[in-house]
1. In the stretch B:1-31, how many are open to solvent by less than 50 Å² (accessible area, probe 1.4 Å) and more than 7 Å from chain A (Cβ to nearest Cβ)?
2. Could you list, in sequence order, all residues of the stretch A:8-52 that are among the aliphatic types (A, V, I, L, M), within 16 Å of ligand 5 (Cβ to nearest atom) and under 14 Å from A:Ile215 (Cβ atoms)?
3. Does the stretch A:45-77 hold any residues that are open to solvent by 20 Å² or more (accessible area, probe 1.4 Å), of a type in the set (S, T, N, Q) and within 14 Å of another protein chain (Cβ to nearest Cβ), and which are they?
4. Anything in the stretch B:32-75 that is assigned to a strand (DSSP E or B), open to solvent by less than 30 Å² (accessible area, probe 1.4 Å) and facing chain A (nearest Cβ under 8 Å)? List them, or say none.
5. Checking B:Lys85 against (1) more than 9 Å from chain A (Cβ to nearest Cβ); (2) in contact with a helix residue (DSSP H, G or I) (Cβ under 8 Å, 6 or more places away or on another chain); (3) within 14 Å of ligand 3 (Cβ to nearest atom), which single condition isn't satisfied?
6. Return yes when A:Gln263 is in contact with a Leu (Cβ under 9 Å, 6 or more places away or on another chain) and open to solvent by 40 Å² or more (accessible area, probe 1.4 Å) and no when it is not.
7. Can A:Leu221 be described as within 21 Å of the chain's Cα centre (by Cα) and either of a type in the set (Val, Ile, Thr) or surrounded by 14 or more Cβ atoms within 10 Å (Cβ to Cβ) (or both)?
Amino acid sequence: MANLKELAARGDKFTGGHRACAGCGATIVARQALLAAGDKPVVTTCATGCLEVVSTIFPYTAWDVPFIHSAFENSAATISGVEAAYQSLKRQGTVTEDIRFMAFGGDGGTYDIGLQALSGAMERGHNMLYICYDNQAYMNTGIQRSSATPKGSSTTTSPNGKKIPGKVQFRKNLTEIMAAHGIPYVAQSVVGNWSDFTKKVEKALAKGGPAFIAILQPCRLGWGYPPELTAELGRLAVETNFWPLYEVEDGQYKLNHTPKERQPIDEWMFQQERFRHLKRPEHQAIIAQIQQDIDARWEQLNKKCSL
Amino acid sequence: MSELKKYKELALGGNIEKGGTAVDFKTGDWRSSRPIYHPENCIQCLFCWVYCPDSAVILKDGKVTGFNLDHCKGCGICAHECPGKKKVKAITMEEEVK
Ligand SMILES: Cc1ncc(C[n+]2csc(CCOP(=O)(O)OP(=O)(O)O)c2C)c(N)n1
Ligand code: SF4
Ligand code: SF4
Ligand code: SF4
Ligand SMILES: [Mg+2]
């Protein structure tokens, strides 16, 4: 894996001057992903959402690589089409270069509206890496709940009200849905652990065939915390087992990190405005349910990893 | 961007023909506080560089030398992530004064 000195020597392919909020984690994802992709040519696309909107305001673009503007639902379809065309041109001898293909999408664009396009592209076996930057809501349109939004989170469409304290449902586990596709590489990473993410992007691109990485991305606006905590809140999500770092390579599960001492989930939740209402004593049962869910999912994952 | 172009002068489909043009757009005036670099406490770990969302930590020959204040939005991630030397940070945040 490239170390920081080597990454630095490559130079940035995602530039400053974009319009993301100060401290945005989504732009950290794009920057680090392109650094990890290295010097090989790469073609990228992104589903409509914060990352795309802030980075491609005409006539500016923060992408110093070929980039295609996708609609909200079809980032995976876009890049799979480009990859299919590339394979054809390569067969015809028109293109000889070794080119990589990367698609980005938010949680709304991936867990929800883009799920069909993603599932299809993975099943067809394209040589592509799909990175879902998961900030757990539709941030770009003003923080609406998605199927990635965690239980209890207050969003504009699952507000904390007199009767219902935030989102009722638990979040969907998309990483497991992707693993069920039986593709060569599936992983979870986090903003706040550059080496874990770099390693996974490198591995996914080297493997060949379809690959999927879900990276948890703290969003200072939608989560409600001071901007300097972006990387730290990512790491804390891992230390609570809310967001385990693991990979599924050719069907083999592997845990990449086990917290020395599992932190209680409220340590992470109560640093964020979106969960603040749950501090009230009458909501203790909800916190307990959330903790129980995390512990159960962690146990299931560990079973898969010890097979 | 100086002057608005006519549609016939633009690339077909609104393509942006050159990559990385966002560097010409300045976001530094969003800042309410700025990072200050203290080289004597810097161990050149590059954590500030790798976590900056705005590619605003300047490296020369692979070493941190300061910040690009045209792009830095003052988020403070660099200062927060900085381990510094003997627990003394090599980056601190200071409020912008008008
Ligand atoms: C078909 C369609 N429906 C709705 C929208 C409006 N829209 C743009 S971005 C967005 C939310 C994106 O959420 P997510 O994918 O989570 O990305 P984020 O903004 O959180 O980074 C929506 C609803 C759209 N562009 N296209
Ligand atoms: S709302 Fe969140 S994801 Fe969107 S630009 Fe701001 S910090 Fe980034
Ligand atoms: S304050 Fe934020 S934007 Fe400015 S250099 Fe530090 S990390 Fe980058
Ligand atoms: S994080 Fe701190 S110690 Fe590390 S390179 Fe940056 S300024 Fe130096
Ligand atoms: Mg989102």
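The values are calculated or read from the model by the stated rules, or taken from the named source; none is laboratory data. In this text the structure is predicted, and so the values were computed from the model without any measurement. We place every Cβ from the backbone using ideal geometry, glycine too, and count neighbours over all the protein chains shown. Accessible surface areas use protein heavy atoms only, side chains included; no ligands, DNA or RNA. Shrake-Rupley method; radii C 1.70, N 1.55, O 1.52, S 1.80 Å.
1. 3
2. A:Ala26, A:Ile28, A:Val29, A:Ala30, A:Leu51
3. A:Thr56
4. Residues satisfying the conditions do not exist here.
5. The single condition B:Lys85 does not satisfy is (3).
6. Criteria met by A:Gln263.
7. Considered against the rule, which asks whether it is within 21 Å of the chain's Cα centre (by Cα) and either of a type in the set (Val, Ile, Thr) or surrounded by 14 or more Cβ atoms within 10 Å (Cβ to Cβ) (or both), A:Leu221 comes out as yes.
Here's the yes/no breakdown for (1) basic (Lys, Arg); (2) over 19 Å from the mean Cα position of the chain (by Cα); (3) closer than 26 Å to A:Lys5 by Cβ:
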| site | (1), (2), (3) |
| --- | --- |
| A:Asp39 | no, yes, yes |
| A:Cys46 | no, no, no |
| A:Ile57 | no, yes, no |
| A:Tyr60 | no, yes, no |
| A:Ala71 | no, no, no |
